[in-house]
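Have a look at the structure below, then the notes.
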Amino acid sequence: MFWKTKKNKKDEDTLPDCFARTYGVEIFTEKEPQIPVDEILRKLRWRCGNVELVANEDKLILFTFKDHVVQYSDGQGPAQIAVMITDKKIDMENLEMSFYQSWGWKDARSAVQKTAYTILVTDMMASGLDYTIRLELFQKTLYSLLEVVPCLAINWHLTQQIIDPENYKENAPENEDYNLMFGALNVRLFNIEGTENETLMDTIGLGALGLPDLQCHFKNIDVNKIANILYTYGDYIFKNGDVINDGETIEGLTVNDKWRCQHEISLLEPKRVVIDINPGEEFSAGNR
């Protein structure tokens, strides 16, 4: 629930842009993957309508979604999704933060260590789509691929987390409780060095879709309660857009809590627009 006060949104042209011109993930496999292209194409046509295979050579597969044409300043074209196989060595050091922030899967590191091949799945010419349609096409393509290709782990680098492929496959697009944001939104936790009990939590993933993420710098609150608030309002922003104006308040721990919101530059990398949630004098941390 929102309580409105004064709107004073900053000029967004001066703020960092974290928007993903291409949206993608890495799939980690133990053996060189054999991709049944025709089967995946059948699945995509069932799930996404008019889909064509436009390339299948040199470890590159390219699908085009003809029902989703994007208009650009220099012309137009259908959205595409590319699937590319590589045997590049995994840099475990670069994944350290993702291992730390992958709260839903304690075996992420051991799974990734077995990786010998990587499949890159990324969209192309799709950034002009409505972000919900763009993500839906991507999710349905990724799900169709994972239905038929063995996978150790999914590196969802845009949300800084490693996803268990078995959990991902349980979130089928045809399920009644299908979650379009599965993998595309993560809540991170950081303990602030040099303080006794200050914590910073934020969402990551909304910025890649052209929306503001959320952050909360607090003390003396159970981190699970803050995580629930961030997931709840992250989902709200995804469904409704950037509708929380500066000076408006959201419901905090109880229906009587009115936590003030303000668009700011994120305190942590990647630098991006966030809605900072102030939990009030009793719980706020940092310089308020």
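The values are calculated or read from the model by the stated rules, or taken from the named source; none is laboratory data. These numbers were taken from a predicted model, which means no experiment stands behind them. A quick note on method: Cβ atoms are made from the backbone with ideal geometry, for glycine too, and the neighbour counts reach across all protein chains shown.
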Would you confirm, using the coordinates I've provided, whether Thr199 is farther than 20 Å from Thr64 by Cα, touching a residue at least 60 places away in the same chain (Cβ under 8 Å), in a strand (DSSP E or B) and outside the structural domain of Asp213 (by TED's automatic domain parsing)? no
When residues of segment 25-76 are filtered for being part of a strand (DSSP E or B) and at pLDDT below 95, how many remain? 6
Every residue in segment 113-136 that is part of a helix (DSSP H, G or I) and among the hydrophobic types (A, V, I, L, M, F, W, C), please. Ile133, Leu135
By residue number, the members of segment 137-179 that are closer than 23 Å to Val37 by Cβ, assigned to a helix (DSSP H, G or I) and either free of Cβ contacts under 8 Å to residues at least 40 places away in the same chain or over 12 Å from the mean Cα position of the chain (by Cα) (or both) are Leu137, Lys140, Thr141, Leu142, Tyr143, Ser144, Leu145, Leu146, Pro165, Tyr168, Lys169
Does Lys225 satisfy the condition of being farther than 29 Å from Arg21 by Cβ, charged (D, E, K, R) and not in a strand (DSSP E or B)? yes
So if I check each of Val273, Val243, Val223, Val255, which one is in the same structural domain as Asp202 (by TED's automatic domain parsing), in contact with a Ser or Thr (Cβ under 7 Å, 6 or more places away or on another chain) and of a type in the set (Val, Ile, Thr)? Val223
Segment 92-101: number of residues that are without any contact (Cβ under 8 Å) to a residue 60 or more places away in the chain and polar (S, T, N, Q): 1
From the list Ala172, Ala208, which residue is farther than 23 Å from Pro270 by Cβ and among the small types (Gly, Ala, Ser)? Ala172
Selected residue (criterion: nearest to the chain's Cα centre (by Cα)) from residues of segment 249-283 that are assigned to a strand (DSSP E or B) and polar (S, T, N, Q): Gln262
Filter result (β-branched (Val, Ile, Thr) and surrounded by 15 or more Cβ atoms within 10 Å (Cβ to Cβ)) within segment 236-288: Ile237, Ile244, Thr249, Ile250, Val273, Val274, Ile275, Ile277
Looking at segment 117-124, is at least one residue of a type outside the set (A, V, I, L, M, F, W, C), over 19 Å from Leu41 (Cα atoms) and surrounded by fewer than 17 Cβ atoms within 10 Å (Cβ to Cβ)? no
When the residues of segment 45-91 are filtered to those that are in contact (Cβ under 8 Å) with a residue 60 or more places away in the chain and touching a Lys or Arg at 6+ places or on another chain (Cβ under 6 Å), which remaining residue is surrounded by the most Cβ atoms within 10 Å (Cβ to Cβ)? Cys48
